[in-house]
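Data first, discussion second: the structure below is written as structure tokens.
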Amino acid sequence: MKKIFLTILMFPLVLVWSQDIKKIDSLIINSIELSAFPGAQVYIKKGDFKFQKSYGYHTYDSIIKIEDDHLYDLASITKTLASTLAIMKLYDENKFKLDVLISDFIKKFKRSNKRTTNIHELLIHHSGWKPYINHQKFLLKKNGKLKSRFITTVDDDNKKQIAENIFIKNNYFNKILKRISRSKLDEKGNYKYSGLFFCLVPEIVKTVSNQSFEEFLFDNFYSKIDVDLVFNPKKVFSLEKIVPTELDTVFRKQLIHGFVHDETAAIMGGISGNAGLFGSAKDVGKISEFLLKKRLNNNAQIIKESTITYFTNPGNYNRGLGFDKPRILSNDKFYPNEKLSKSSYGHTGFTGTFYWIDPEKELIIVLLTNRVNPSRSYENLYDLDVRKKLIDLII
């Protein structure tokens, strides 16, 4: 069925693209053979041409083959396709202003060094907030075992599940808030990537909309665009459809499968604006098409075109509002590829995920992998420069 679908989808341009498709196949297959990742999904749209394909297996033992509807842990792509979309919608409906202070939503910040930080600074990563806090280390004893006063193997209404047979008290989120509020602060105005704010977005969305983060995203975006982007996928899908990530030997001490890889998102019960979203390349592609077209296919408007334009291209910044932008890195390399236009945007994820949208070239590229399987020490995805090479082949 997949082969028939691909043939129909590509037929008008198949002669033009056949050699490029062979090169894409070769790049992904060689990357699998060189242990950049055990499997991958690719989605490409360039003008009227569309291509999607799955490669390899869930893990290097080659037991479960990757299919187009299988779900990857999208990691930090969650920041854009969950947190940023939610903020865009609230902003679009005049329920939310970007110059509002974070302390207006999170009361614990009223007396912190972050009390004057506004949402705009946080979205463009000019807030001075530190990049990350390893909250999981506070749950481990010196001997490496989990602290029983916070973690148990028994489920009840006062706990959230963070892995197979591991549960954490619901109120532990208050400790996360406290650590973020007390963390050191650098000078504002300089670019410094931070994921801390995005952990707070579900609380902000609930305060403003009176809906849970999941409900708000489903009602306003995912159901309307018809995509299976979900948190805690194990509650909805079988494990055979969920691609595993890392064999965690430090914190949860098990293969992370059906639960979010990011430890902070896991501690939050799998629902965070920092990480936690799972999806397939075709669904990331569909929601990317919505952003590219700035409307749905049936012309129904979810967000005003001007709002999408502003968030994806807000001016002379290293970043969009929530979205990543092309830029020169500290090693003088151009990220993610010098052939992309300045108006392009997207995001990457630690687990090995990537999507990028270029309005000028009418281009969407999605590459989903689980490069952290079996361990995050596997960095061949970066060493082989797979993302840049993929963009080179397409442009």
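Every number in this text was worked out from the coordinates using simple rules, so none of it is lab data. Given the structure is predicted, the values throughout are model-derived calculations rather than measurements. Positions of Cβ are generated from backbone atoms using ideal geometry, with glycine treated the same way; all protein chains shown enter the neighbour counts.
Among 177-183, 206-212, the peptide with the highest mean count of other Cβ atoms within 10 Å heads the list, and the full ranking is 177-183, 206-212. Remark: relative contact order (the chain) = 24 percent; criterion is Cα-Cα distance under 8 angstrom and separation of 6 or more residues. In order along region 368-375, the Karplus-derived 3J(HN,Hα) couplings, from 6.51 cos²θ - 1.76 cosθ + 1.60 at θ = phi - 60°, round to 10, 9, 10, 5, 7, 9, x, 8 Hz, and Gly and Pro are given as x. Taking amide H as placed 1.01 Å from N in the peptide plane, the amide H of Thr353 sits under 5 Å from that of Thr369, each at least 5 places away or on another chain. Put simply, the amide H of Leu277, placed in the peptide plane, has neighbours under 5 Å in Leu74, Ala75, Thr78, leaving out anything fewer than 5 places away on its chain. Compare the Cα positions of Asn174, Phe49, Ile364 along the charge dipole of the chain (+1 at Cβ of Lys, Arg; -1 at Cβ of Asp, Glu; about the Cα centre) and return the one farthest towards the positive end. Positive-most Cα among the choices belongs to Asn174.
Within region 162-243, the proportion of Cα pairs with more than 14 Å between them is 77 percent.
Placing +1 on the Cβ of each Lys and Arg and -1 on the Cβ of each Asp and Glu in region 91-236, which of Ser112, Pro131, Val236 has its Cα farthest towards the positive end of the resulting dipole? The residue sitting most towards the positive pole is Ser112. Measuring max minus min along each principal axis, the C-alpha atoms of region 54-171 give extents of 50, 42, 29 Å (largest first). Sorting the segments 107-118, 122-133, 153-164 by their residues' average number of neighbouring beta-carbon atoms within 10 angstrom, most packed first, yields 122-133, 107-118, 153-164.
With contacts defined as alpha carbon pairs under 8 Å and 6 or more residues apart, what's the relative contact order of region 299-364 in percent? After rounding, I find 20 percent.
Only Lys, Arg, Asp and Glu carry charge here, each on its Cβ (+1 for the first two, -1 for the last two); on that basis the chain has a dipole of about 1560 debye about its Cα centre. Of the Cα atoms belonging to region 200-334, the radius of gyration and Dmax stand at 17.2, 49 Å.
For region 92-105, backbone phi angles converted through the Karplus equation (6.51, -1.76, 1.60; θ = phi - 60°) give residue-by-residue couplings of 4, 8, 6, 9, 7, 10, 6, 8, 6, 7, 4, 5, 6, 9 Hz, Gly and Pro being listed as x. If R0 is taken as 30 Å, the Cβ-Cβ distance between Lys145 and Leu384 corresponds to a FRET efficiency of 0.20. Each of Ala265, Gly320, Thr307 was placed along the dipole of region 233-386 (beta-carbon charges, centred on the mean Cα), and the one lying farthest toward the positive end is Thr307. Each residue, Asp156 and Tyr191, gets one label point 7 Å from its Cα in the Cβ direction; the gap between the two is 5.0 nm.
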